[in-house]
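Take a look at the structure set out below.
Taken together, the values in this text are just the output of simple stated rules run on the coordinates, not laboratory data. Not measured: the values here are computed from a predicted model. Here the Cβ positions follow ideal geometry from the backbone for every residue, glycine too, while neighbour counts run over all protein chains shown.
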Amino acid sequence: MKTFAAVAFVRRAFTPVLVDRFALAIVLILALLVRFYAISVPAIWNDEAYSLLLARETPERIWALTARDVHPPLYYMLLHYWVSVWGDSALSARALSALADLGTLLLCIKLMSLIATRRATWIAALLLALLPISVRYSQEVRMDRLLGCWLMAATVALGCWVSVA
């Protein structure tokens, strides 16, 4: 009789919502640790230096300098305000990309919850949290991670729109 009471208690205590919140916390902590581990160890390379030099300019000058560039100025503008608040060290500049990649991870979880089972959602989240190429590029001062975040946001918006329609 006690075993049935224990099973009932466990089922009440570990509701799907609680399990999902716990899984989200674990995946986010894991993703944070992996992305911020030794983030400032490699030296700033040429493309990152170019991004940081542009970020030091005024917003008007950034618009003028990126007018003929293949990369749109949104990232440089965002980086400009980011380094004005947090400084232009390698850690603070690379943190913007790492946080954008965490946003991509959260949006991936939302997208998967719309189109897949809970188990598939958390497997995909764990894989993206530990994906080596994602971790590598989230530690660079470039617009790639922000672009990925915007693309995932657009995909989630489309998924929400389709599920409502």
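Which FRET efficiency, nearest 0.05, do H71 and S163 yield, Cβ-Cβ r, R0 35 Å?
0.60
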Exercise. How long is the gain from S84 to A23 if the chain were fully straight, where each residue apart is worth 0.36 nm and the alpha carbon distance is subtracted?
Worked result: 18.5 nm
Problem set entry | Virtual spin-label span in nm between L91 and L114, 7 Å along Cα→Cβ | 3.7
For this session: Compare G148, G87, G103 in a GNM of the chain, Cα atoms joined below 10 Å, and give the one with the largest fluctuation.
Result: G87
Exercise. When the distances between all Cα atoms of region 2-164 are binned every 5 Å from zero, what whole-number percent does each bin get?
Worked result: 1, 9, 15, 16, 15, 13, 10, 8, 5, 3, 2, 1, 1, 0, 0
Exercise. Given the options L130, L147, L65, which has the most mean-square fluctuation in a GNM of the chain, springs set between C-alpha atoms less than 10 angstrom apart?
Worked result: L65
For this session: Compute the longest continuous run of the chain that contains no exposed trypsin sites (Lys or Arg not before Pro); treat a site as exposed when its DSSP state is not H, G, I, E or B and it has at most 14 other Cβ atoms within 10 Å.
Result: 69-165
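Subtract the Cα-Cα distance of D144 and L33 from 0.36 nm times their separation in residues, and report this length gain in nm to one decimal.
Additional length available on full extension: 38.0 nm.
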